[in-house]
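Trainee: First the structure, which I've put down as structure tokens, then a few questions once you've had a look.
The values are calculated or read from the model by the stated rules, or taken from the named source; none is laboratory data. The structure displayed is predicted, hence computed values, not measured ones. We place every Cβ from the backbone using ideal geometry, glycine too, and count neighbours over all the protein chains shown. For accessibility, only protein heavy atoms count, side chains too; no ligands or nucleic acids. Shrake-Rupley method; radii C 1.70, N 1.55, O 1.52, S 1.80 Å.
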Amino acid sequence: MSSQFDADNADNLEEIEKQFAVKAVNQAETYWGLLEKIPGSTLKLTKHDDDIFESLLQDFPEFKEPAKVAEIRESEMKSPEGKKRWRDFCEKFNEIEDYNFGTLLRTKSNEFYTQEGTIFAVRIQFYAIEIARNRYGLNDWAVLKK
Amino acid sequence: MSIEEIPQGADVNVIPKNEKKARELIKKLNLKQIKGITRVTFKQRGNLIYAIDAPDVYRSAAGTYVVFGEAKVDDMNQRIADAQAAQAAETDAHAGHTHSHGEEDKSPEAITADLEKASLTEKIEEEEEEGEVDESGLDAKDIDIIVEQTQVSRAKAVKALRKHDGDMVNAIMELS
């Protein structure tokens, strides 16, 4: 249906949006379930983790500093300047499944997905930030918590 | 659902008697026809897809849909083969129409054949799952994690992981 979908005559918009939110929450829950079982520092998310991490450090040298990854600022990420940098970054990985899907992202690596501490990003941003957090060992606390 | 056979590209629209009746009844149910829908698909386990091209779609106030049209099995794995076969079948059916009117009976048979073919394909896939699992190119540790998280067979974990190109979260989401 996707290729034939006629946006002008689309019905049930609200339902579709709900479906999408369900998927985003599912994704967040699944990811969190993994972090509680497996230390983030040993977790692999995709086949391209190395590439994503390398590109992140190249395009956003500030993320070489673990503290910058631990707490990200939505205002910086979504400023006109930030948006442009991220857009260029995202397009490098447009081969990855769901790369531009809306995805929930925690602003602080030391918190669970909370109402205030969760922002909206695209999947590849989620990967980039979470891979960096995992590599810096910033998510390992989730396993110990249990 | 009633089945109607419209060979692609045919300009004559033959509606069987039963379907005509069904359509009239359904119109009495106060359904609204939705125009502009070019394809309806049903997805079944095993990546089998039943597709109805150029369907007539009606919608009730409660959000129930009634779809008229010719269902075709659209197996992703054999898409090309099917497309060729369907084209040949359509040519035959089309030729048949010009000769006699009794040819409409052919559509249920064609559907049955499609369904049989579909169930056969599914069996083959299941057998493959039980056989030796090819894990090449995948990280054994990733497969372990998925098996542990979702309690599925190793073969299923491998399949999901391959489908999502090594994406852990997506693979687990599909299985749970």
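Trainee: Once label points are set 7 Å from the Cα along Cα→Cβ at both residue A:94 and residue B:60, what is their separation, rounded to one decimal in nm?
Mentor: Simple spin-label model gives 4.4 nm for this pair.
Trainee: Here is a further query. Scan around residue B:34 for amide H atoms under 5 Å from its own, H built in the peptide plane at 1.01 Å from N, and keep only partners 5 or more places away or cross-chain.
Mentor: Under 5 Å from the amide H of residue B:34: B:57, B:58, B:59.
Trainee: Under the Karplus relation 6.51 cos²θ - 1.76 cosθ + 1.60, θ = phi - 60°, what is the ordered set of whole-Hz ³J(HN,Hα) values for segment A:26-40, x standing for Gly and Pro?
Mentor: Calculated HN-Hα couplings, in order: 4, 4, 5, 5, 4, 4, 5, x, 5, 5, 6, 9, 10, x, x Hz.
Trainee: Along segment A:90-102, what does the Karplus equation 6.51 cos²θ - 1.76 cosθ + 1.60 (θ = phi - 60°) give for ³J(HN,Hα), rounded to whole Hz, x for Gly and Pro?
Mentor: Using θ = phi - 60°, the values come out as 4, 5, 5, 10, 6, 7, 6, 4, 6, 4, 10, 6, x Hz.
Trainee: Also: With r as the distance between the Cβ atoms of residue B:34 and residue A:58 and R0 = 41 Å, compute the FRET efficiency 1/(1 + (r/R0)^6) and round to 0.05.
Mentor: That gives a FRET efficiency of 0.25.
Trainee: Amide H to amide H, which residues 5 or more places from residue A:103 or on other chains are under 5 Å from it, using H placed in the peptide plane?
Mentor: So residue A:103 has HN proximity to A:121, A:122, A:123.
Trainee: With the Cα gyration tensor of segment A:16-144 giving a ≥ b ≥ c as the square roots of its eigenvalues, does the rule (a/c under 1.5 for rounded; else a/b larger than b/c for prolate; else oblate) give rounded, prolate or oblate?
Mentor: Note, shape of segment A:16-144 comes out rounded.
Trainee: Okay, moving on. Before I look further, what does chain A give for accessible area per residue, probe 1.4 Å, in whole square angstrom?
Mentor: So chain A comes to 57 Å² accessible per residue, rounded to a whole number.
Trainee: From the Cα gyration tensor of segment B:17-77, with a ≥ b ≥ c the square roots of its eigenvalues, which class applies: rounded if a/c is under 1.5, or else prolate if a/b is larger than b/c, or else oblate?
Mentor: Cα axes put segment B:17-77 in the prolate bin.
Trainee: As a test question: what accessible area, to the nearest 10 Å², does residue B:169 have when a 1.4 Å probe is rolled over all protein chains in place?
Mentor: Approximately 0 Å² for this residue.
Trainee: Quick one: ranking A:144, B:31 by accessible area, 1.4 Å probe, largest first, what do you get?
Mentor: Solvent-accessible surface, decreasing: A:144, B:31.
Trainee: Calculate how steeply helix A:49-59 sits against the longest principal axis of the alpha-carbon atoms of chain A, using the helix alpha-carbon long axis, and give the answer as 0 to 90 degrees to the nearest 10.
Mentor: The answer is roughly 90 degrees.
Trainee: Where in segment B:32-68 is the amide nitrogen less than 20 Å from a point lying 7 Å along the Cα-to-Cβ axis of residue B:85?
Mentor: Of the residues in segment B:32-68, B:41-53 have backbone N under 20 Å from the label point off residue B:85.
Trainee: Now a separate question. Under the rule of at least 5 residues apart or a separate chain, name every residue whose amide H is placed under 5 Å from the amide H of residue A:118.
Mentor: Residues meeting the amide H criterion: A:107.
Trainee: Something else now. With respect to the cross-link table entries A:23/B:141; B:43/B:159; A:23/A:92; B:43/B:156; A:18/A:92; A:47/A:83, which display a Cα-Cα separation exceeding 21 Å?
Mentor: A:23/B:141; A:23/A:92; A:18/A:92; A:47/A:83
Trainee: For B:173, B:168, what's the largest-to-smallest order of accessible area, 1.4 Å probe?
Mentor: B:173, B:168
Trainee: A further question follows. Sorted by accessible area (1.4 Å probe), largest first, how do A:79, B:176 line up?
Mentor: The ranking, largest first, comes out as B:176, A:79.
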